[in-house]
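Remarks on the structure that follows.
The values are calculated or read from the model by the stated rules, or taken from the named source; none is laboratory data. Bear in mind the structure is a predicted one, so any value in this text is a computation, not a measurement. As a convention, Cβ positions derive from the backbone with ideal geometry for all residues, glycine included, and neighbour counts pool all protein chains shown. Please note that ligands, DNA and RNA were not included when accessible areas were found on the heavy atoms of the full protein model with its side chains. Shrake-Rupley method; radii C 1.70, N 1.55, O 1.52, S 1.80 Å.
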Amino acid sequence: LDISKHNSWRVLHRLDMVIGISGGKPQQIFSYIFIVFGIILLILLLKGVMTGTDTAGTYSGLTMVQNYTYYPAQDSFAYPTCQMTNGIKVSSASNTTLLDFTYLAILSYTNPAVTQQKLDEFFGPGVAENRDDLVQSFRAEAQQLNPITYFFITFPARPGFGVISVKGTGHGWDLLADAQLWSAAVFFQILRFLLPFGEIWNSIFNNLIAAISEVESSSISEVSYYKQITEFISFLKSSTEYTDLVVTGHSLGGGTAIIAGAQSGIPAIGVSGPNAKLSRLSFDPPLTLEDIDKNTFNIIPQRDPVAMIDDPGLNYQNIRCTAPMNNLLACHGSTRSVCEIMYSCGNYNRPAICECIDDEHRYPSPLAPSLSEDFATACANAVA
């Protein structure tokens, strides 16, 4: 009888251990993760409902002044990608390549009525041209109803070359699009962090993310902005007039550019964009590591939560963020990124941006040895 009781106790003890393992602290951790995800998605849904009207086109662009200069690497090393490569520079000057693409990435936030004006101010009159006629022609032909905004910029001095600038997150529904496309990648990044030797599970995570996306395929397809950009790239290529294309964008626009560029086999430059390495198999068509490593480049500011989503490909550039540590989203700001690149890489023949010295960004003023008017005064006069 004692032996029987002892064996019974051992069985129950083992069962308790099993239940403890499956229902103890690990289960609590995963429960908390799912609860947090649910709360975040609910907040995004409510934000989408409350701010569902697209506000694209209400931004009048950055204020710029000519003849003031930021010299590169004033107090640190310049970024090694300031000049990038000769194949994707937008003009004959290669010194401002990274700055040029960062500016083009955030240009899509501006009011279409002033887009050409802002191109002339930055590059000089007649250097760059906003080809909205081609965008509208494609939209009509493809019967595109999705509200994604993108511009197509050409440079007459470089026949066959063009840059597609994709607008980033502008309202609540865009935030939901971000969440649906990359929520699985974020979940498995958190899981990888919690697991011992989490990196060894990457190959499994790729397939699990793809499986989750397959289950949600109908809803994800509705917010797959990258498909429209990939189709637009195919439209431009089919004309044979444009054989040298680059796609760029900030935030959601940067993530969209990375996916579309990898799918289309053209250079893609994201600014604070979510990455695509972990979730590469979930896109339609899927991406390969070679697609991502060969064609994509992401500018990743310090402490930028959006640029931390998913894993970057082989080519990326970390940049400084001068925002206070307690400001969670400030490092994601597009103006802060263009100011950091202008300050660190130099602006050469490009105009200096007035917002860089305001109370929010606090960069030093550029120099103008030949001018008596200080930069702050010149900016005030430019706004007046």
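Annotations for the structure displayed:
- Among the protein heavy atoms, those of Leu62 account for about 10 Å² of accessible surface (1.4 Å probe, every chain in place).
- Computed from label points 7 Å out along Cα-Cβ, the spacing between Ile204 and Asp132 is 5.2 nm.
- Amide proton proximity set for Leu367, modelled H, under 5 Å, gap of 5+: Thr69, Tyr70, Tyr71
- Exposure of Ser60 as accessible area (Å², to 10), given a probe of 1.4 Å and all protein chains: 80
- Split the accessible area of segment 312-384 by element, probe 1.4 Å, and carbon with sulfur accounts for 55%.
- Accessible area per residue was computed with a 1.4 Å probe on protein heavy atoms; Ser238 scores about 90 Å².
- Legend: residues Trp201, Trp182, sorted from most to least accessible area (1.4 Å probe; ligands, DNA and RNA excluded), read Trp201, Trp182.
- Segment 104-162 shape via C-alpha gyration tensor axes, a/c threshold 1.5: oblate
- Candidate residues Met64, Met84: accessible-area rank, largest first, probe 1.4 Å: Met84, Met64
- Residue ranking by accessible heavy-atom surface, 1.4 Å probe, largest first, among Arg320, Arg362, Arg139 comes out as Arg362, Arg320, Arg139.
- With all protein chains kept in place, the per residue accessible area of segment 239-369 amounts to 36 square angstrom at a probe of 1.4 angstrom.
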